[in-house]
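Chemist: Just passing along the structure, written as structure tokens.
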Amino acid sequence: MGGVKYNVEQDLRQLVAMILEVEPDTIDAEANFVKDLGMDSMMALEILASIEKKYKIVIPEEILAKFTSLNQTVKIVEGLLEKK
């Protein structure tokens, strides 16, 4: 498999922290974005758009509901990157 190797977990942690305005190392990888971290739908869309732009992938809308925690999001993005 050729191409660029990403550190998806680290990248997404930075991205989520920036949008939520918290320190990256304070984000628990299992924390629920909405319930535990206070993410709203506008923040979720901002994260989605940033992920798509950064990795040059398209995330189907029906997958968005599965972005519930950092770990879940990393798994989904890595899966999409493998298919790219």
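Read-outs: derived from the displayed coordinates by stated rules, not from any lab. Bear in mind the structure is a predicted one, so any value in this text is a computation, not a measurement. Here Cβ is always computed from backbone atoms with ideal geometry, including for glycine, and neighbour counts include all displayed protein chains.
Chemist: With an 8 Å cut-off on Cα pairs and a minimum separation of 6 or more residues, tell me the relative contact order of the chain in percent.
Modeler: It comes to 34 percent, rounded to a whole number.
Chemist: A follow-up question, please. Over the residues of the chain, compute the C-alpha Rg and express it relative to 2.2 N^0.38 Å. Provide the component values of the computation, followed by the final result.
Modeler: Details: Rg = 12.2 Å, N = 84, 2.2 N^0.38 = 11.8 Å.
Taking the Cα Rg and dividing by 2.2 N^0.38 Å, one obtains 1.03.
Chemist: Roughly how big is the chain's charge dipole about its Cα centre, with Cβ charges of +1 (Lys, Arg) and -1 (Asp, Glu), in debye to the nearest 20?
Modeler: Around 460 debye, computed over the chain.
Chemist: Per DSSP H run of at least 4 residues, take -39500 (n - 2.57); add these up for the chain, divide by its residues and hand me the 222 nm value, nearest 500 deg cm²/dmol. Display every interim value, and only then the final one.
Modeler: On the way: 3 runs with 42 residues, N = 84.
Taken over the chain, the calculation gives -16000 deg cm²/dmol.
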